[in-house]
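Data block below; observations after.
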Amino acid sequence: MPIRDALRRIQERIQEACIRSGRNPAAIQLMGVSKFHSAAEIEEAWQGGIRLFGESRVQEAVEKFTPLKQQHPELELHLIGSLQRNKAKAAVSLFDGIQSVDREGIISELGTLTAQRDRPLGILLEFHTGEETKSGFLDEEQLYRATDKVLSYPGLVLRGLMTLAPYTDDTAQVRAAFKSLVLMRDKLASRFPSCDWSCLSMGMSQDFEIAIEEGSTLIRIGTALFGERYP
Ligand SMILES: *Cc1c(COP(=O)(O)O)cnc(C)c1O
């Protein structure tokens with residue numbers, strides 16, 4: 001399916017999920033996850049109206065998005081895959097946000113690298129809600145410590161939480177994962193009321209409607225927009 005038609009279909013499904021759950025579609029950001037897809041496909045999605053893109057690997061993102069960002073200064077790019085220390089410097093100079101902050105070590109690394117920035121780097125803390133790869137912080141104690149750590153670096157600014165639901169057809173399990181992210185956000189917001197917890201990045205091609213019903217503010221869509229990936 002052409003990207004433009006796929007995008008229209010996704011927007012209809014977002015609308016329908018919003019009607020079902022009494023939400024405003026304007027409160028849900030749509031990210032195009034472009035890993036393994038070409039610059040030409042990304043350009044097509046841009047032309048269709050996508051302004052936020054997500055990539056999982058730093059090197060691939062540098063190659064594709066360095067020219068694209070020069071061409072489209074308003075394009076926003078977030079990292080959504082786990083970040084290795086030796087890639088942190090390149091990540092900080094390319095990405096506008098890091099959604100996959102999944103351990104304390106990477107917070108210090110990013111904090112040090114962003115010390116001189118005039119605009120702080122927006123980050124999301126990744127909470128593990130059951131997905132197999134087990135990335136992300138595991139409980140509220142870890143997230144409290146991570147939040148304290150982020151607050152100690154002026155170059156970083158918290159924007160909220162991110163999760164991957166378990167990859168399963170069992171929608172009850174998926175819904176429970178999203179509910180647990182919302183619950184965790186509420187706990188963090190009461191413990192750290194002066195932080196911005198407004199972003200809840202949850203929902204992918206397979207489960208974004210459930211995520212919207214449960215309160216997602218940012219859905220990360222790859223396959224439903226660009227088609228299958230061939231790594
Ligand atoms: C690949 C990826 C996505 C998009 O997955 P689709 O199922 O293709 O929509 C979303 N989030 C993360 C973290 C990913 O790695």
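Pairing each residue of segment 77-103 that is small (Gly, Ala, Ser) with any residue that is more than 12 Å from the ligand (Cβ to nearest atom) and open to solvent by 20 Å² or more (accessible area, probe 1.4 Å), provided the two are 6+ apart or on different chains, yields C-beta distances under 8 Å for 88/109; 88/113; 90/59; 90/62; 97/76; 97/159. Given the structure, is residue 182 outside any strand (DSSP E or B) and at pLDDT 95 or above? Spelling it out, residue 182 is indeed outside any strand (DSSP E or B) and at pLDDT 95 or above.
Among the residues of segment 200-222, the one identified as of a type in the set (A, V, I, L, M, F, W, C), open to solvent by 20 Å² or more (accessible area, probe 1.4 Å) and either more than 9 Å from the ligand (Cβ to nearest atom) or farther than 14 Å from residue 162 by Cβ (or both) is 210.
Keeping to segment 135-181, report how many residues are of a type in the set (Phe, Trp, Tyr) and under 18 Å from residue 205 (Cα atoms).
Of all residues in segment 135-181, those of a type in the set (Phe, Trp, Tyr) come to 137, 144, 153, 167, 178.
Subset that is under 18 Å from residue 205 (Cα atoms): 167, 178.
Number of matching residues: 2.
Screening residue 195 against (1) within 16 Å of residue 30 (Cβ to Cβ); (2) away from the ligand (no atom under 16 Å from the Cβ) leaves a single unmet condition, (1). At least 3 residues being open to solvent by 10 Å² or more (accessible area, probe 1.4 Å), of a type in the set (D, E, K, R) and more than 30 Å from residue 7 (Cβ to Cβ) is the threshold, and among the helices (runs of 4 or more DSSP H) wholly inside segment 48-163 those reaching it are 140-151.
The values are calculated or read from the model by the stated rules, or taken from the named source; none is laboratory data. Every value quoted in this text rests on a predicted model; they were computed, and no experiment measured them. Using ideal geometry, Cβ is built from the backbone for each residue, glycine included, and neighbour counts are taken over all protein chains shown. Just so you know, the surface numbers come from the protein's heavy atoms only, side chains and all, with ligands and any DNA or RNA stripped out. Shrake-Rupley method; radii C 1.70, N 1.55, O 1.52, S 1.80 Å.
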